[in-house]
1. With an 8 Å Cα cut-off and a minimum separation of 6 or more residues, compute the relative contact order for the chain in percent.
2. Using alpha carbon centroids, what distance separates the stretch 108-185 and the stretch 1-49, in Å?
3. What number comes out for accessible area per residue over the chain if the probe is 1.4 Å? Units Å², please.
4. If you bin every alpha carbon distance in the stretch 110-176 into 5 Å steps from zero, what whole percent lands in each bin?
5. Divide, for the stretch 116-236, the radius of gyration over alpha carbons by 2.2 N^0.38 Å, where N is the residue count.
6. For the chain, give the percent of accessible area contributed by carbon and sulfur heavy atoms, probe 1.4 Å, rounded to a whole number.
7. In the calculated pair distance distribution of the chain, what percentage of Cα-Cα distances lie above 28 Å?
8. In deg cm²/dmol and to the nearest 500, what is the mean residue ellipticity at 222 nm of the chain if only DSSP H runs of at least 4 residues count, each as -39500 (n - 2.57), divided by the residue total?
Amino acid sequence: MNFITVESYEELSLKAANLIAAQVILNPKSILGLATGSSPVGTYKKLIEYCQNGEVDFSSITSVNLDEYVGLSGENDQSYRYFMNKNLFDGININKNNTYVPSGCAEDLVAEGKAYDSLIESLGGIDLQLLGIGLDGHIGFNEPDSFFTKETHPVDLDESTIKANARFFEKESDVPKKAITMGMGAIMQAKKVLLIANGENKKEILEKAFFGPITPEVPASILQLHPDLTVIYSKK
Ligand code: GLP
């Protein structure tokens with residue numbers, strides 16, 4: 001594991017964007033696993049800058065996102081599809097037909113999960129997976145549990161996750177209680193994993209996840225077993 005501590009969110013975003021840009025330049029047909037949340041916003045801003053300056057070309061890139069809220073369509077401004085369009089896809093030259101987010105509106109979420117895993121498999125897996133981390137150690141929406149789940153699957157969100165994500169909604173009761181998330185299989189099979197986190201409040205969970213025992217009670221701890229993991233942390 002490569003654990004990098006930097007001084008500012010700006011530096012974190014620059015480093016993360018440079019790693020993703022390098023991946024895209026080295027393999028313009030890369031499959032990128034992408035994440036939502038506040039952590040990657042600065043990284044995405046940099047990537048937009050690189051693309052608009054003509055330094056990085058996303059035209060042959062395919063992306064697969066980690067998760068989506070159940071019941072929110074892509075037009076809903078709280079959906080993760082909407083977030084991705086607004087914070088990244090609309091600013092770069094990626095073909096939107098090659099950007100995938102699991103559907104939170106599928107009637108059969110288990111079948112949607114299976115189809116999503118088949119899609120990832122048919123793409124040949126993920127080359128670089130970007131992750132944030134929740135305060136309870138979740139990655140994607142893989143919440144603490146007594147076991148790790150391999151497949152893309154529907155989940156009930158933890159109370160603490162609903163509370164933490166309420167800041168993006170008008171009121172806490174608006175936060176969906178369920179989501180669909182990529183499981184640990186596709187994440188762990190990604191060739192490279194890049195996890196970014198910032199803020200004092202993430203320090204404790206990072207210590208548990210990367211310097212504590214590997215346990216499904218701290219979902220991100222499984223990443224200790226990944227052969228190519230980079231974590232970038234900034235206190236601010
Ligand atoms: C959400 C997302 C995660 C993200 C986490 C942390 O719950 N499903 O993918 O990593 O929140 O978010 P933030 O970066 O805003 O702290």
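1. 26 percent
2. Measuring centre to centre over Cα atoms gives 20 Å.
3. Solvent-accessible surface per residue comes out at 45 Å².
4. 3, 14, 19, 22, 18, 15, 7, 2, 0
5. So the stretch 116-236 has a normalised radius of gyration of 1.05.
6. Whole-percent figure for carbon plus sulfur exposure: 51.
7. In whole percent, the share of Cα-Cα pairs in the chain beyond 28 Å is 24.
8. On the way: 7 runs with 74 residues, N = 236.
The helix contribution divided over the chain gives -9500 deg cm²/dmol.
The values are calculated or read from the model by the stated rules, or taken from the named source; none is laboratory data. Computed from a predicted structure; not experimentally measured. Note: areas computed on protein heavy atoms with side chains; ligands, DNA, RNA excluded. Shrake-Rupley method; radii C 1.70, N 1.55, O 1.52, S 1.80 Å.
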